[in-house]
1. How about segment 1-75: which trypsin sites (Lys or Arg not before Pro) there lie in a loop by DSSP and see at most 14 other Cβ atoms within 10 Å?
2. Would you work out the relative contact order for the chain, in percent, from Cα pairs under 8 angstrom that are 6 or more residues apart?
3. In percent, how large is the relative contact order of segment 86-138, given Cα pairs closer than 8 Å and 6 or more residues apart?
4. Determine the calculated [θ] at 222 nm for the chain from helices alone, applying -39500 (n - 2.57) to every DSSP H run no shorter than 4 residues and normalising by the residue count; nearest 500 deg cm²/dmol.
5. Once the dipole of the chain is set up with Lys and Arg at +1 and Asp and Glu at -1 on Cβ about the Cα centre, which of Ile86, Ala66, Pro49 lies farthest towards its positive end?
6. When a/c reaches 1.5 or more, the comparison of a/b and b/c decides; with that in mind, is segment 1-149 rounded, prolate or oblate per its Cα gyration tensor?
7. List the residues whose amide H sits under 5 Å from the amide H of Gly60, counting only those 5 or more places along or on another chain, with H placed 1.01 Å from N in the peptide plane.
8. Counting Lys and Arg as +1 and Asp and Glu as -1, what is the net charge of the other residues whose Cβ lies under 15 Å from the Cβ of Glu136?
Amino acid sequence: MPIWLTDDEKRNLDAVVDRLIPADGGPGALVAGAAEYIDGFLGAFLVDPPRIWAGGPTSGRFGGPAGYLSFHKLSALDELSWRTRIEGSLGIPEREFNGPVVGFQQRYREGLAALGDDFSSCDADERDSRLRAHPELTAMVFTHVCEGTYGAPEYGGNRDECGWKAIDFAGDVQPRGWTDAEVSEP
């Protein structure tokens, strides 16, 4: 069930992430949960505290407490900054100190709609053609798909660490860290 996106938008986003990092010999972005990551990011302020910064300093995967499971409260300035990025300025004066801002929510809503209601049912060539016709949307989504596929799982993507496993990355290893040999002779 989507957090911020509508069911139709989520279905189209699933189709987009599947084209941007397909499951060619690996899990791909769809299996990694990149669409869920993006939906959670867009709806970050629907939960308290917002899912912006995971705690720490360790995840618990290699010792230490599982600090990433809780999220930090944001300062007033952090909240203003992140709300402006995600929601846009919305005509709110304190969000328009540098002029109007179109937030990620509006960019996703309009971009997914521009792909067409039938995007998720199109074949791969048609999906690719439509994505090429919307390069700004594609670039924005690709950045978020990479974050959702290869970032820390606590943010809603990289399900079962499958993105890290696909690229042979151990993930965050604190407090153990890396040995000199692991760094110099990978």
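None of the figures in this text is laboratory data; all of them are computed from the coordinates on show. Every value quoted in this text rests on a predicted model; they were computed, and no experiment measured them. For neighbour counting, all protein chains shown are included, and Cβ atoms are generated from backbone atoms with ideal geometry for every residue, glycine included.
1. Details: sites: Lys10, Arg11, Arg19, Arg51, Arg61, Lys73; in loops: Arg51, Lys73.
Within segment 1-75, the qualifying trypsin sites (Lys or Arg not before Pro) (loop, at most 14 other Cβ atoms within 10 Å) are Lys73.
2. On the way: 261 pairs, mean separation 53.7, N = 186.
Computed value for the chain: 29 percent relative contact order.
3. Values: 38 pairs, mean separation 14.1, N = 53.
Reported as a whole number, the value is 27 percent.
4. Details: 9 runs with 86 residues, N = 186.
My calculation for the chain gives -13500 deg cm²/dmol from helical runs alone.
5. Of the listed residues, the answer is Pro49.
6. Oblate is the answer for segment 1-149, as a/c is 1.5 or above yet b/c matches or exceeds a/b.
7. Residues meeting the criterion, in which the H sits 1.01 Å from N, are Gly67.
8. Working: positive: Arg107, Arg109, Arg130, Arg132; negative: Glu110.
Net local charge, Glu136 excluded: +3.
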